[in-house]
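Trainee: Just dropping this structure here.
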Amino acid sequence: MPALHSPTQETMTTFSYITFLATLTIFILTSTVRSCPASDRAALLAFKAALHEPYLGIFNSWTGTDCCHNWYGVSCDMETKRVADINLRGESEDPIFQKAGRSGYMTGSISPSICKLERLSSLTISDWKGISGPIPACITSLPFLRILDLIGNRISGEIPADIGRLERMTVLNIADNHITGRIPRSLTNLSSLMHLDLRNNRIWGPLPLDFGRLRMLSRALLSRNYISGRIPDSISKIYRLADLDLSLNKLSGEIPASLGKMAVLATLNLDSNKLSGKIPDSLFNSAIGNLNLSKNTFQGYLPDVFGPRSYFTVLDLSYNNFWGPIPKSLSQASFIGHLDLSHNRLCGRIPAGPPFDHLEASSFAYNACLCGKPLGACQ
C-alpha cells in the first residue's frame, strides 16, 4: 500500500513551490526594471541605423537588450530607467579616440526616431563633420529636453519653427553647420535658455525685436551669418548676458546706448557689419572689457569720455571713418591691453604715457595725419 504524504509535508511542498515562483517573479521584474524599455532600445537602434561611423566603432557596444548599461554615450534616468542622455562627441579624450589616434568622422542624418525617447534630457551629437540633413521637426515634442548640441556637422534646413515649445531648454548649440532661414519668433519663448550658439551658419533676416525676453541668457553667439536689420534695444533687458557676439553679419543702424548700461556684459563683438552713426559714450565707461567695433561705417570724433571705469583687454575701432584727434582721456583708462585705431582718418599727435607707450605702430597705421611715438615725429 503506497505511503501517504502527511498534510504537513504537502503544505511544505506547496509553500516551497510558491516561494520559488515568487522569487522567480521578483527576479524577472527586477531585471525588467533595471533594463531600458524595448521602445527606447528600438528608437536607439533606428537612430544608429541612420548613421555611419567607419573608424572608431563607437556603436559596437550597442548590443544586447539593456541599453542603459554599457552602451557608449547613452545614460538613463535612475528612477524611470528611460534613456535621458545621448552624448556622442567627435572630438574627445576618451580612450576610444586615443586608441584610434584620430578624431571622429560620421555621416548620415539624425533620425526622427530620436523623438520616441520621451524622457530625453540631453542630446549631444557634435563635431562629427559629416552628419547632414535637417534637425528633426519632432524634436520640439520632447518636453524634458534641456540640451541640444549639434555643433560641427553639416546639418541643413531651418531651426524648427516651434522651437519655443522646449521650455526647459538651457543650451542650444547648432554652430558650424549649414542652417538656413530666419531665427524663429518662438525662440524667444525659451525662458530657461542660458547658452545660445548659432555661429557660422547661413541664417538670415532680423533678430527678433523681443530678443530681450531671453532673461536667463548669459552667452549669445551669432557671428558669421547673414543677420540683418538693427540691434534690438530689448537686448539690454537680459541682465545676465556676459558675452554678445554679432560679428560678421549684415547688421545696420546705430548701437543702442542701453548696451553700455548692462551690468555684466563683458564681451561685445560687433565687427564686420554695416553699423553706422555715433558710438554711444556709455560703451567706454561700462563693464565691457572686450569691445570690437572694427570694419563698420562709424564716423565722427572719438568720444573723449574715458575714465577710471574704462578697462579694456581689447579695444578695436579699426577700419571705420573716425576723424579728429585721439581722445586725451584714453590715458585715464584703468587699463588698455590691445588698442587698434588703424585704418581711420584720425589726425594729430599721439598722446604720451600709458597706454600709448606700450603700443606698436600698427595700432595707429593708415590714418590721415597721426604723428608721434610709435609713429614718426610730428613736424
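The values are calculated or read from the model by the stated rules, or taken from the named source; none is laboratory data. Keep in mind that this is a model prediction, so the values were computed, not measured. When we count neighbours, we look across all protein chains shown, and the Cβ atoms used for this are built from the backbone with ideal geometry, even at glycine. Areas reflect the complete protein model, heavy atoms only, side chains present, ligands, DNA and RNA absent. Shrake-Rupley method; radii C 1.70, N 1.55, O 1.52, S 1.80 Å.
Trainee: How fast does the range 69-198 diffuse by Stokes-Einstein, in µm²/s, taking the Kirkwood radius from C-alpha pairs at 20 °C and 1.002 mPa s?
Mentor: Translational D for this selection: 141 µm²/s.
Trainee: In addition: If the only charges are +1 at each Lys and Arg Cβ and -1 at each Asp and Glu Cβ, what is the size of the charge dipole of the range 81-122 around the Cα centre, to the nearest 20 debye?
Mentor: 200
Trainee: With everything on Cα atoms, drop me the angle between helix 38-49 and the longest principal axis of the chain, reported from 0 to 90° to the nearest 10.
Mentor: 50
Trainee: For the chain, give the percent of accessible area contributed by carbon and sulfur heavy atoms, probe 1.4 Å, rounded to a whole number.
Mentor: 55
Trainee: Counting just the Cα atoms, what span does the chain cover along each of its three principal axes? Round to the nearest Å and put the largest first.
Mentor: Principal extents (largest minus smallest coordinate, Cα): 136, 41, 37 Å.
Trainee: Separate question: Could you pull out the longest piece of the chain with no exposed loop GluC sites (Glu not before Pro) in it, calling a site exposed if DSSP puts it outside H, G, I, E, B and it has at most 15 other Cβ atoms within 10 Å? Numbers along the way, then the final one.
Mentor: Values: sites that count: Glu79, Glu91, Glu93, Glu167, Glu254, Glu360.
With a cap of 15 other Cβ atoms within 10 Å, the longest stretch comes to 255-359.
Trainee: By the scheme Lys and Arg +1, Asp and Glu -1, what is the net charge of all other residues having a beta-carbon under 13 Å from that of Ile96?
Mentor: Counting the neighbours of Ile96, the net charge comes to -1.
Trainee: Can I ask one more? Straight-line reach from Lys373: which lysines fall under 22 Å, measuring Cα to Cα and dropping same-chain residues less than 8 apart?
Mentor: Lys328
Trainee: Next up: Nearest 20 debye, what's the magnitude of the dipole of the chain about its Cα centre given +1 on Lys and Arg Cβ and -1 on Asp and Glu Cβ?
Mentor: Charge dipole of the chain: 800 debye, to the nearest 20.
Trainee: Specify the angular offset, from 0 to 90 degrees and rounded to the nearest 10, of the alpha carbon long axis of helix 7-34 from the longest principal axis of the alpha carbons in the chain.
Mentor: Taking Cα atoms only, the helix is inclined about 20 degrees.
Trainee: Once you have the Cα-Cα distance between Gln379 and Ser329, take 0.36 nm times their residue separation minus that, and quote the gain in nm to one decimal.
Mentor: That pair, Gln379 and Ser329, stretches by 15.7 nm at full extension.
Trainee: Here is a further query. On a straight-distance basis, which lysines could pair with Lys48 in a cross-link, Cα separation under 24 angstrom, same-chain partners fewer than 8 positions away excluded?
Mentor: The reachable lysines, counting only those whose Cα sits under 24 Å from Lys48, are Lys81, Lys99, Lys116, Lys129.
Trainee: Given points 7 Å out from each Cα along the Cα-Cβ axis, report the Ser103 to Thr180 separation in nanometres with one decimal.
Mentor: Going by the 7 Å Cα→Cβ label model, 2.6 nm.
Trainee: Right, something else. Got a sec? Charge dipole of the chain, +1 on Cβ for Lys and Arg, -1 for Asp and Glu; which of Ser39, Asn225, Ile86 is way out at the positive end?
Mentor: Ranked along the dipole, the leading option is Asn225.
Trainee: For the chain, what does the helix formula give at 222 nm: sum of -39500 (n - 2.57) over DSSP H segments with n ≥ 4, over the residue count, nearest 500 deg cm²/dmol?
Mentor: -4000 deg cm²/dmol
Trainee: log₁₀ I(q)/I(0) of the range 246-379 at q = 0.09, 0.18, 0.22 Å⁻¹, via Debye over equal Cα point scatterers, no solvent, to two decimals?
Mentor: With one equal scatterer per Cα and no solvent, log10 I(q)/I(0) is -0.23, -0.98, -1.47.
Trainee: Same structure, new question: Using a 1.4 angstrom probe, figure out how much accessible area the chain has per residue, in square angstrom, rounded to the nearest whole.
Mentor: Averaged over the residues of the chain, the accessible area is 49 Å².
Trainee: Give me the lysines in straight-line cross-link reach of Lys250: C-alpha distance below 25 Å, same-chain residues under 8 apart excluded.
Mentor: Straight-line reach from Lys250, under 25 Å: Lys237, Lys261, Lys274, Lys278, Lys295.
Trainee: Next up: Which residues does the label zone of Glu167 cover in the range 89-125, counting backbone N under 20 Å from a point 7 Å along Cα→Cβ?
Mentor: 118-122
Trainee: Using amide H atoms built in the peptide plane, which far-off residues or other-chain residues are under 5 Å from Gly253 H to H?
Mentor: Those qualifying (amide H under 5 Å, at least 5 residues apart or on another chain) are Ser276.
Trainee: If you don't mind, another one. With each pseudo-label sitting 7 Å past Cα toward Cβ, what's the Arg309-Asn87 distance in nm, one decimal?
Mentor: Simple spin-label model gives 4.2 nm for this pair.
Trainee: Now for a separate question. Can you tell which of Ala161, Ala100, Ala361 shows the greatest fluctuation in a Gaussian network model of the chain with Cα springs below 10 Å?
Mentor: Highest fluctuation among the options: Ala100.
Trainee: While we're here: Identify the trypsin sites (Lys or Arg not before Pro) of the range 300-361 meeting these criteria: DSSP loop state and at most 13 other C-beta atoms within 10 Å of the C-beta. Don't skip to the answer; put the middle values down first.
Mentor: Values: sites: Arg309, Lys328, Arg345, Arg349; in loops: Arg309.
Hits after loop and neighbour filter: Arg309.
Trainee: Suppose every K and R has +1 on its Cβ and every D and E has -1 on its Cβ; what is the size of the dipole of the range 246-379 about the Cα centre, in Debye to the nearest 20?
Mentor: 200
Trainee: Taking 0.36 nm per residue of separation and subtracting the Cα-Cα distance, what length does fully extending Thr63 through Glu79 add?
Mentor: Working it through step by step, the gained length comes to 3.5 nm.
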